[in-house]
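Notes to accompany the following structure.
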Amino acid sequence: MAVQWILICHVLLTALVVISFLCGQWPIFRGTFIERIHYFITFGAYDYFLRFVGVICGSRGTDAILCVEDYCCNRPNPIMQFIYLGILGGTYYVIVKSSFDYIPSYYLSEIHRYMSVLAVGVGILLFLLTSFSDPGTVKAENVSQYISAYPYDDIIYSEKECSTCDIPKPARSKHCSICDRCVARFDHHCGWMNNCIGERNTRYFMAFLLWHFLLCIYGVVALGLLLAGRLKELKVIYILTGKMNSPFSLDSNFVSAVYYGIENSFSSLAPYVAQWLLGSYNTQVLLMVFLIIVALLLAGFFGYHANLCLTNTTTNETFKWQDYLSWQKKLNEAKASEAALKASISGLSPDKKAPEGKWKSFFRRSPLEHVDTVVKNNKYDKGYFHNICEIIFPYSSRPSFSRTKLKKR
């Protein structure tokens, strides 16, 4: 019975941490313990740790921690890559040790022993491609081609020079402070890959996310079929419903005589079947829970980036649009304040205007609607088909790219 409670606590605690970490800043959680947990995970815990080290080891200890932080967060390093390989390798090792003895089973053929190796191998290959491929480094030799491929929109991108690289800065590019290079169609720097995600390797990154999502689903389904096969092979349902003469044909972890004669209905059988599975195959059940949680996280991340790819937008550009909208909002507020001041001054004159009605004011067009229109009419969004082609076949990989020359303005 202790195993069941451990599993329940594990699921609830994992769900609480994941929801708090990913969604703690949402308005719906404002002022709740979810927001406080999010703050503690993202900032508070590290701040308390620094204070603790400062009290125990003094300033030298704090400086050492800050040096480690600088190395881990502000410089290229393979730490997250090793963590990824450890998670993937460790999970697959546990699956092999705990489950391969039952393959082939009633619902799984022996081919899944080799298919699983192939599936994990493809995942590692996509990881290596994303990690070590060129994300689209902008150099003096190709900067003119990138400027022609990505024209300035004169809204969030305008002509300027990279102060670090001393070359013109193409639209949609950004200088990565971690990798110390300009990257075309920069999306973000991925710590898991120890590489930037940009114009040339977004396709590998998307394939990596999709494949690992499918890999988790494959693991869940395979383990589910394996457990279903054990139920079938050991005739658990027949024993529980009293349809067998020998109630002791199960393994020693399950005393079937206690449950002999249970009604043949899902609501009656489910608790006992679940108890048997948790008692006899708790490792497989925990693996399924872990894979489901990872699959949900990967699905959300892939969905977010897929939407960006379909609209030909990058993560970096979403922040730029937010900055632009914020600037427009402040500008409009300043204009509104100026207009109100003029109205109050002109109110002293006899020819003042009649006050605007409440309903007319309510339905009046928002001054920021034209900004929303600009965002929706993204200059680089040329339709789903073209946007997907741009991801799969980047401009710099096309033969026409090397022949393109910058047009003089």
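Bear in mind that the values in this text are calculations on the coordinates, not laboratory data. Nothing here was measured: the structure is a model prediction, and the numbers come from that model. In this analysis, Cβ positions are derived from the backbone assuming ideal geometry, glycine residues included, and neighbour counts consider all displayed protein chains.
Key figures
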{"item": "Distant-in-sequence amide H partners of R200 (H built 1.01 Å from N, under 5 Å)", "result": "G136"}
{"item": "Rounded FRET efficiency, nearest 0.05, which uses the C-beta distance separating D323 from S400 and R0 of 22 Å", "result": "0.10"}
{"item": "Inter-probe distance in nm under a simple model that places probes 7 Å from Cα toward Cβ, at S144 and S337", "result": "4.8 nm"}
{"item": "FRET E, pair F40, I65, Förster distance 25 Å, beta-carbon r, rounded to 0.05", "result": "0.90"}
{"item": "Tensor-based shape of segment 26-91 (alpha-carbon gyration tensor, a/c under 1.5 rounded, otherwise prolate or oblate)", "result": "oblate"}
{"item": "Protection proxy ranking of 386-392, 161-167 - average other beta-carbon atoms within 10 Å, highest first", "result": "386-392, 161-167"}
{"item": "Label point distance in nm, Y93-I178, each placed 7 Å from Cα along Cα→Cβ", "result": "2.6 nm"}
{"item": "Listed peptides 285-296, 32-43 by packing density, highest first (mean Cβ within 10 Å)", "result": "285-296, 32-43"}
{"item": "Full-extension gain in nm, F393 to M80, via 0.36 nm per residue minus C-alpha separation", "result": "109.9 nm"}
{"item": "Amide hydrogen neighbours beyond the local backbone of N195, cut-off 5 Å, H modeled", "result": "C190"}
{"item": "Estimated vicinal HN-Hα couplings, Hz - segment 286-296 in sequence order (Karplus 6.51, -1.76, 1.60; Gly, Pro = x)", "result": "5, 5, 5, 4, 4, 5, 5, 4, 5, 4, 5"}
{"item": "Nitroxide proxy distance, nm - points 7 Å out along Cα→Cβ at Y48 and L296", "result": "2.5 nm"}
{"item": "Sequence of R403, R398, R200 once ranked by neighbouring C-beta atoms within 10 Å, starting from the fewest", "result": "R403, R398, R200"}
{"item": "Net charge, I103 excluded, C-beta distance under 9 Å - Lys, Arg +1, Asp, Glu -1", "result": "-1"}
{"item": "Projected-area mean, segment 1-122, by convex hull of Cα positions, square nanometres", "result": "13.2 nm²"}
{"item": "FRET E, pair V18, T164, Förster distance 35 Å, beta-carbon r, rounded to 0.05", "result": "0.40"}
